[in-house]
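Every read-out reported here was derived from the displayed coordinates using simple, explicitly stated rules and does not represent laboratory data. Computed from a predicted structure; not experimentally measured. Quick reminder, even Gly has a Cβ in these numbers, built from the backbone with ideal geometry, and neighbours come from all protein chains shown.
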Amino acid sequence: MARPIDELDRNLLGQLTEFRRDLHSHPELGFQETRTAARVAAALRDSGVDVTEGIGGTGLVGTIRGVGSGDRSMGLRADMDALSLVEETGLPYTSRTPGLMHACGHDGHTAVLLGAARRLAADRDFGGSVHVIFQPAEEGLGGASAMLDDGLFERFPCDAVYALHTAPGLPVGTIATGTGPIMAGGGTFDVIFTGIGGHGGQGAHLTPDLMVAQATYVMALQTIVSRSVPALETAVVSVGYVDGGRPDAPNVMPAELSLGGTLRCFSKEAQDLVARRIHELADTIAAAYGCGATARVTWITTPLVNAPDQVDIVARAARSVLGTENVSTDMAPITGGEDFALMLEATPGALVFLGNGTAPDGTIHNVHTPHYDFNDEAIGAGVAFWLRLVRQQLSTEAVPGTQ
């Protein structure tokens, strides 16, 4: 049975806070987390955990075997990479690497999972095995896919896999989750319109006007969600950039113009539909204006779908350590993406959101912003949740099949 949060080893929590702040000071981008991975691996080995490094690049897995009977296994996953962002927190442990920042809480996710691994390795009061998965490159670079391609679940079989993510604004000491698609499949698109170019003053009639073509295309994109996606589904198609022509040559009609943006969907059917319409509209509008168009859609991740059985499991574990009033299982889906979704396609599981609280002045600094920081007060709740989840599912008294 996991100890209550207020009985967790204060020395351990202090060490985890120090570890987390060190990671925050030394952010590394996806597939470049060499220092981070080395620190995690060393800390795990110091705790007696078997460690396998170099999985999917800079990823690693620690395996902890319990002293009880049973051959069930489970995975707990944390991500390690930072973002290309200039930090503006002014904290004593602010980023020491210009232009990089831990702005999505991955430093906190890593510290929380490391804390749980240390306690599990010290006590081993469960049956079966726990695989603690430290993933690289979650921020759009395909870290989960790289680990899966490297045989993650073949080498470290898991009956179920779980992850947690920081949630700014949700009170510290609370957890929220939901059943089904709770995070969107995210992707990007880009389109290049091509023509012959020309003089916009005396020869405008002699060349396809790519500016008009792209303007028509941008407006037509708005009909994908309003007229192609079923009314009860949710999708987002947003143009983020348009690039063509030069401000120092306003009388020149460009021979090439590009644009692109971001996509969000909550089902694979909607992803297929949106991608098809992006291509169809580009081809049709280019033909109408006498120019060429090449469209490309890249899905970075798939919708994240929590399995009902695993949602019930995490809710039971969270309520036992945080209290029923501090656990929600009906959170509304969010349009952020998370490549843990790919692991959930391979193995049943669930993701939960861990409350990060608010700033001292009551403001909420969201993830992916220059003022965000993981709240160290949330470490204890995260560790307690992981410990209870493992002991609940790998108890020697647990009924087979309740994983």
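Couple of notes before you dig in:
- At least 27 Å along the helix axis (C-alpha) and Kyte average at least -1.0, DSSP helices within the chain: 268-288
- Which of Arg264, Arg316 has the fewest Cβ neighbours within 10 Å, and the rest in rising order: Arg316, Arg264
- Most mobile listed residue (Asp376, Asp107, Asp209) in the chain, GNM with C-alpha springs under 10 Å: Asp209
- Charge dipole of the chain (Cα centre as origin; +1 on each Lys and Arg Cβ, -1 on each Asp and Glu Cβ, all else neutral): 340 debye, rounded to the nearest 20.
- Potential extension, Thr223-Thr294 segment - 0.36 nm per residue separation minus Cα distance: 23.6 nm
- Per-residue Cβ neighbour rank within 10 angstrom, fewest leading, Asp248, Asp71, Asp79, Asp9: Asp248, Asp71, Asp9, Asp79
- Projected label points at Glu269 and Asp330, each 7 Å from Cα along the beta carbon direction, are separated by 2.5 nanometres.
- Diffusion constant of the range 185-299 at 20 °C, which comes from Stokes-Einstein with the Kirkwood Cα-pair radius and 1.002 mPa s, µm²/s: 146 µm²/s
- Charged-residue dipole, Cβ positions (Lys, Arg, Asp, Glu), the range 185-299 about Cα centre, Debye nearest 20: 200 debye
- Considering only Gly290, Leu141, Phe193, the residue lying farthest towards the positive end of the dipole of the chain is Leu141, judged by Cα position with unit charges set on Cβ.
- All other residues whose Cβ lies under 15 angstrom from that of Ala341 are scored, Lys and Arg at +1 and Asp and Glu at -1, for a net of -3.
- Considering only Ala121, Ala293, Ala37, the mean-square fluctuation computed in a Gaussian network model of the chain, springs between alpha carbons under 10 angstrom, is largest for Ala293.
- Rg and Dmax of the chain, both derived from C-alpha coordinates alone, stand at 24.0, 85 Å.
- Distance between the 7 Å Cα→Cβ label points at Asp243 and Thr369: 2.8 nm.
- Separation of the His279 and Asn251 label points, Cα + 7 Å toward Cβ, nm: 4.2 nm
- Sorted by Cβ density within 10 Å, fewest first, the residues Met74, Met219: Met219, Met74
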